[in-house]
Amino acid sequence: MIAQHPLKSRTDSRLLHITPKSGQFQDRHFVDFPSLLVPGDLLVFNNTRVIPARLFGHKASGGKIEILVERVLDDKRVLAQVRASRSPQIGARLYLDNDVNLIVLRRVENFFELQFERPVYEILQAIGHIPLPPYIERADTAIDSRRYQTVYAQQIGAVAAPTAGLHFDEAMLERIDAMGVESAFVTLHVGAGTFASIRVDDIRQHTMHSERLQVSAEVCEQVKATR
């Protein structure tokens, strides 16, 4: 039942409305969302921007690898998941497209610290792929670089989109603003942990990966004032 391609319009998506007091469910469409708001409401958006964090290449042996960048540590180092028939050895050199090479520096739990020879973002923009979620069972296409991104994305650093925000378009944001509804922005860089399977029976034993976030004092005051 999960759509494998985005609809023509962002606001055409379906919306499940749950009435807070009664708990009643109602099927609607996202275009109806502004009708559920009143002047003085506050919408808080996550303005993280998805990076083309998936890379493909091979080891010196010729074995294929897939890299999913979890976090950019500095100009040339990343923390990443590396999928291969056998995990790469520390100190090994990995080979990507466009004559891009990198070295495995160390292992950090389920991740590897990798060092590139050129600036990370330069490489990602040149040969990186949009890291579509596992439930999208197809390769990424050119349209995904635009549609798997919110229209208000600003701060580079996420490897997955804050998907609830994908349904807003510029026209709806303008309509909401004209209604007297307030907006605020926080930054939460969604990490690869959002794709991680739960392998324990007791949900309390599942360890979530940490993620970087930034919430300003001004946004906290906006939330407090609205409440």
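The values are calculated or read from the model by the stated rules, or taken from the named source; none is laboratory data. Since the structure is predicted, the reported quantities are computational estimates derived from the model, not experimental observations. Heads up, the Cβs are rebuilt from the backbone with ideal geometry, glycines too, and the neighbour counts pull from every protein chain shown. Just so you know, the surface numbers come from the protein's heavy atoms only, side chains and all, with ligands and any DNA or RNA stripped out. Shrake-Rupley method; radii C 1.70, N 1.55, O 1.52, S 1.80 Å.
Which far-off residues, 5 or more places away or on another chain, put their amide H under 5 Å from the one on E70, with H placed in the peptide plane?
Amide H neighbours of E70: L79, A80, Q81.
GNM, the chain, Cα, under 10 Å: largest mean-square fluctuation among H58, H129, H17?
Maximum fluctuation in the GNM of the chain, among the listed residues, is at H17.
Can you pull the accessible area of L213 for me, 1.4 Å probe, Å² to the nearest 10?
120
Gain in length, A3 to Y121, computed as 0.36 nm per residue apart minus the alpha-carbon separation, to one decimal in nm?
Values: separation 118, 0.36 × 118 = 42.48 nm, distance 3.00 nm.
39.5 nm is the gain from fully extending A3 to Y121.
Points 7 angstrom from Cα along the Cβ direction at D169 and R107: gap in nanometres?
Those two pseudo-labels are separated by 4.8 nm.
Modelled label-to-label distance, D12 and H29, 7 Å Cα→beta-carbon offset: nm?
The answer from the label model is 0.9 nm.
Quick one: if the Förster radius is 25 Å, what FRET efficiency do M208 and I143 give, using the C-beta to C-beta distance and rounding to 0.05?
Plugging the Cβ-Cβ distance into 1/(1 + (r/R0)^6) gives 0.25.
Is the C-alpha gyration tensor of region 54-127 telling us rounded, prolate or oblate? Criteria: a/c under 1.5 is rounded; beyond that, a/b larger than b/c is prolate, otherwise oblate. Please list the in-between numbers first.
On the way: a/c = 1.57, a/b = 1.13, b/c = 1.38.
Cα axes put region 54-127 in the oblate bin.
Which ³J(HN,Hα) values, rounded to whole Hz and listed in residue order, are derived for region 21-30 from phi using the Karplus coefficients 6.51, -1.76 and 1.60 in 6.51 cos²θ - 1.76 cosθ + 1.60 with θ = phi - 60°, glycine and proline given as x?
Per residue, the Karplus-derived 3J(HN,Hα) values read 6, 8, x, 6, 9, 9, 7, 9, 10, 5 Hz.
Pick from P88, P20, P34: which residue has the top mean-square fluctuation in a GNM of the chain where Cα pairs under 10 Å get a spring?
It is P20.
Looking only at G62, G191, G128, which one moves most when the chain is put into a Gaussian network model with springs between Cα atoms under 10 Å?
Sorting by GNM fluctuation, first place goes to G62.
Mind checking which lysines have their Cα closer than 23 Å to the Cα of K21? Skip sequence neighbours fewer than 8 apart in that chain.
By straight Cα distance, K21 reaches K224.
If we count GluC sites (Glu not before Pro) as exposed when they sit in a DSSP loop and have at most 14 other beta carbons within 10 Å, what is the longest stretch of the chain that avoids them all? Each step should come with its number before you reach the end.
Numbers: sites that count: E109, E117, E137.
The longest uninterrupted stretch comes out as 1-108.
Calculate the FRET efficiency for H58 and V200 from the Cβ-Cβ distance with a Förster distance of 35 Å, rounded to the nearest 0.05. Don't jump to the answer; show the numbers that get you there.
Details: r = 34 Å, r/R0 = 0.96.
The computed FRET efficiency comes out at 0.55.
Determine the relative contact order of region 54-127: mean sequence separation of Cα pairs under 8 Å and six or more apart, normalised by residue count, in whole percent.
Working: 148 pairs, mean separation 21.2, N = 74.
About 29 percent, as a whole number.
Per residue, how many Å² of accessible area does the chain show with a 1.4 Å probe?
On the way: 13990 Å² over 227 residues.
Roughly 62 Å² per residue, with all protein chains present.
Find how much the distance from K224 to I136 grows on full extension, using 0.36 nm per residue of separation minus their present alpha carbon separation; answer in nm with one decimal.
So the extension gain works out to 27.9 nm.
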